[in-house]
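A.B. asks: Sharing a structure here in structure tokens format.
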Amino acid sequence: MNMPILIQAPMRGITTMHYRKAFVRHFQGLDIEMAPFISTVGADRINPRLLNDVLPENISGLPLIPQLIGNNADDFVQMAIALHELGYTELNWNLGCPHKPIRKKRRGSGLLPYPDTVDALLDQICDRSPCKLSVKVRLGVSDKSELMALIPVLNKYPLSEVVIHPRTAEQMYDGNVDLDAFEEAFHLLELPVCYNGDINNLAFFQALRQRFPDIVRFMLGRGLLANPFLCEQIKDGLTQGREATKHLDSDARASGASWLGARKNYVERIAAFHDELLSSYVSVLHGDHPVLGKMKEFWTYQSIHLSNGRQMFKKLKKTQRLSTYKAIVDEFLAKAEWVA
Ligand SMILES: Cc1cc2nc3c(=O)[nH]c(=O)nc-3n(C[C@H](O)[C@H](O)[C@H](O)COP(=O)(O)O)c2cc1C
């Protein structure tokens, strides 16, 4: 079986350039990142501020795929040209965002029930964009039949991949992923397919690999935010700990760290990652409030596998000052154990 390609899911507000840069300095095993969506705008409104998150000077060093959300072919193509000028050769089109205000404007998953509109947009975009295109989809707004009806349209275009999150938009992030529907879509698609959804632990990943041995690309979202060691664990597990450890070990040695030592202390690694992310936000955001907003969102996921994470998060949520925040984090991390 091929070594899987692991892709960090775009998570708007969370997997920012600050998060991505800190992540690759502290964790291994991830192959590609997809940046959170940028809304398409007219050519006159494209500027470095809008593209800040994906400017070459802000990338982590891993291959990055920018993502666009929109339903206007001219705007999309102009953004693709701007991103191509920055050096990007591949973009992703968000056809999965489930939020109602976006859906109502027929953007994100709101386009899934309209195959003719998607067809017309893809026709223009694929013809005029200088970048290769992939799409990220859900099963539909309310029913998987919407994706199934869209697949003949997708098959007409040379898309580099179709990332499928097998939930409907109405499900948001609740309920189960529908692996039968994913399987059906995978068989109908004549394009490379990437699986995304609920890869929260090694056991689920291994079950997916067994059921879908031909899938090599996997996108990890909340599971990786909660357990940033997950890509290491997946790759380590696949090579029964030997080849991957050797590889990770040599990387760690090259960076002056002791991988085996570090592995023993997951909490210390989380603390170092946290400190770097915090300094990064402190250096660009003004005042305690915005920094605390970012860090509280970070802990929504990052506290899950800490033995005292729940109590820490409860306390953190009420904090209004950065100094109090730091004291709480230090106090809890000093006593925390990693429980994934
Ligand atoms: C807070 C949040 C922000 C998200 N932002 C984006 C986004 O910008 N673009 C996108 O395609 N999906 C976005 N998603 C969806 C994720 O990329 C992913 O598809 C979803 O979380 C399911 O994967 P998971 O079960 O591994 O988390 C977001 C999800 C969450 C919870």
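A.B. asks: No solvent, one uniform scatterer per C-alpha: report log10 I(q)/I(0) for the chain via the Debye equation at q = 0.11, 0.12, 0.13 1/Å, two decimals.
C.D. replies: -0.76, -0.91, -1.06
A.B. asks: OK, next. Rg (Å, one decimal) plus Dmax (Å, integer) for the alpha carbons of the range 106-203?
C.D. replies: So, for the range 106-203, Rg and Dmax equal 13.3, 43 Å respectively.
A.B. asks: Could you state the number of Å between the C-alpha centres of the range 280-306 and the range 109-167?
C.D. replies: Each part reduced to its Cα centre gives a spacing of 34 Å.
A.B. asks: For the range 148-243, what's the radius of gyration and Dmax over Cα atoms, in angstrom?
C.D. replies: 14.4, 45
A.B. asks: Let me ask something else. Can you give me the angle between helix 73-85 and the longest principal axis of the chain, using Cα atoms only, in degrees from 0 to 90, rounded to the nearest 10?
C.D. replies: Taking Cα atoms only, the helix is inclined about 50 degrees.
A.B. asks: Let me ask you something else. Mean 1/r over all different Cα pairs, inverted: what Kirkwood radius does the range 38-152 give, in Å?
C.D. replies: On the way: mean 1/r = 0.0687 Å⁻¹.
That comes to 14.6 Å for the range 38-152.
A.B. asks: Please give, to one decimal in nm, the separation of the simple spin-label points placed at residue 172 and residue 188, each 7 Å out from Cα toward the Cβ.
C.D. replies: 2.7
A.B. asks: Give me the angle, in degrees from 0 to 90, between the Cα long axis of helix 288-302 and the longest principal axis of the Cα atoms of the chain, rounded to the nearest 10.
C.D. replies: Approximately 90 degrees, to the nearest ten.
A.B. asks: Over the range 1-142, what percent of the accessible surface lies on carbon and sulfur atoms, probe 1.4 Å?
C.D. replies: Values: 2750 of 5810 Å².
The value for the range 1-142 is 47 percent carbon and sulfur by accessible area.
A.B. asks: Let me ask something else about it. Tell me the per residue accessible area of the range 20-101 using a 1.4 Å probe; a whole number in Å² is fine. Please list the in-between numbers first.
C.D. replies: Values: 3340 Å² over 82 residues.
With the other protein chains kept in place, the range 20-101 gives 41 Å² per residue.
A.B. asks: If you build the convex hull over the alpha carbons only and average its shadow over all orientations, what do you get for the range 12-104? Give it in nm² to one decimal. Don't jump to the answer; show the numbers that get you there.
C.D. replies: On the way: hull surface 25.6 nm².
Mean shadow area of the hull around the Cα atoms is 6.4 nm².
A.B. asks: Let me ask something additional. Only helical DSSP H runs with n ≥ 4 go in: add -39500 (n - 2.57) per run for the chain, normalise by residue count and round the 222 nm mean residue ellipticity to 500 deg cm²/dmol.
C.D. replies: Value at 222 nm, helices only, nearest 500: -14000 deg cm²/dmol.
A.B. asks: Before I look further, what does the range 260-340 give for accessible area per residue, probe 1.4 Å, in whole square angstrom? List each step's numbers first, then the result.
C.D. replies: Values: 4540 Å² over 81 residues.
The answer is 56 Å² per residue.
A.B. asks: Continuing with this model, one more query. Quickly rank 312-323, 136-147 as a protection proxy: mean count of other C-beta atoms within 10 Å, highest first. Could you put the intermediate results ahead of the total?
C.D. replies: Values: 312-323: 14.2, 136-147: 21.5.
Put in order of decreasing packing, that is 136-147, 312-323.
A.B. asks: Which entries of 144/314; 136/235; 294/315; 235/315; 144/296 show an alpha-carbon separation above 26 angstrom in the structure shown?
C.D. replies: Numbers: 144/314 37 Å; 136/235 24 Å; 294/315 16 Å; 235/315 35 Å; 144/296 34 Å.
With Cα atoms farther than 26 Å apart: 144/314; 235/315; 144/296.
A.B. asks: Using the alpha-carbon atoms, what tilt in degrees (0 to 90, nearest 10) does helix 322-335 show relative to the longest principal axis of the chain?
C.D. replies: 70
The values are calculated or read from the model by the stated rules, or taken from the named source; none is laboratory data. Keep in mind that this is a model prediction, so the values were computed, not measured. Using ideal geometry, Cβ is built from the backbone for each residue, glycine included, and neighbour counts are taken over all protein chains shown. Just the protein is used for accessible areas: all its heavy atoms, side chains included, with ligands, DNA and RNA removed. Shrake-Rupley method; radii C 1.70, N 1.55, O 1.52, S 1.80 Å.
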